[in-house]
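Chemist: This is the structure, below, for whatever I ask next.
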Amino acid sequence: MKLNPIENLKVDASNSSEEFSQLPLLIYRYNEMFEQAREKATLAELSVKEVQGEEYIRIKTEGEKVTEAHMNALLQTSKKVRSAKEEHAAAEKDAGTLKGILEGLRAKKDAMVTIAANTRAEQK
């Protein structure tokens, strides 16, 4: 089964038995990806703090006296800090996208249950 969010989120009422059988596996696989993305985001956040600390120490050991406001400005404009923050933002975005897919799959499940209930009601 290929993971394609747009296709995986579509509800095919005419093929409900296959939809129902594939849904748990889809939820499992996307959840696994979501957890990996969250872990990556957490590690990226730690990396930002580490890089900021390294830059702080580097600036302090250069011997130039800087105010706290100037230090903050230097840290904010550091290419290393900016790069680490971009990696963190990308990881957060990936986790958010996967969370949205999981919410969509749960909504699809609810829709499939409703379709099945309506189909049974119509057959009576």
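Chemist: Please tell me if Ser47 is surrounded by fewer than 14 Cβ atoms within 10 Å (Cβ to Cβ) and at pLDDT 95 or above.
Modeler: Taking the combined requirement at face value, the residue does not satisfy it.
Chemist: For the stretch 73-124, give me each residue that is under 24 Å from Thr42 (Cα atoms), modelled with pLDDT of 95 or more and touching a Phe, Trp or Tyr at 6+ places or on another chain (Cβ under 7 Å).
Modeler: Ala95, Leu98, Lys99, Ile101, Leu102
Chemist: I'd like to verify a number: residues in the stretch 1-42 that are among the hydrophobic types (A, V, I, L, M, F, W, C), surrounded by 14 or more Cβ atoms within 10 Å (Cβ to Cβ) and more than 16 Å from Ala107 (Cα to Cα), how many?
Modeler: 4
Chemist: Return the residue satisfying two criteria in turn: it lies in the stretch 42-85 and is in a helix (DSSP H, G or I) and among the basic types (Lys, Arg), and of such residues it is nearest to Gly96 (Cα to Cα).
Modeler: It comes out as Lys85.
Chemist: Would you pick out the residues in the stretch 67-109 that are among the charged types (D, E, K, R), out of contact with any helix residue (DSSP H, G or I) (no Cβ under 6 Å at 6 or more places or on another chain) and more than 15 Å from Asn8 (Cβ to Cβ)?
Modeler: The answer is Glu68, Lys79, Arg82, Glu86, Lys93.
Chemist: If you don't mind, another one. Please work out which one of (1) over 21 Å from Ala37 (Cα atoms); (2) modelled with pLDDT of 90 or more is the condition Gly63 fails and give its number.
Modeler: Every condition holds for Gly63 apart from (2).
Chemist: Restricting to the stretch 74-107, name every residue that is surrounded by 17 or more Cβ atoms within 10 Å (Cβ to Cβ) and more than 14 Å from the chain's Cα centre (by Cα).
Modeler: Leu75, Ser78, Val81, Ala84, Lys85, Leu105
The values are calculated or read from the model by the stated rules, or taken from the named source; none is laboratory data. All of these numbers come straight from a predicted model, not from anything done at the bench. With ideal geometry, Cβ positions are generated from the backbone for all residues, glycine too; neighbour counts draw on all protein chains shown.
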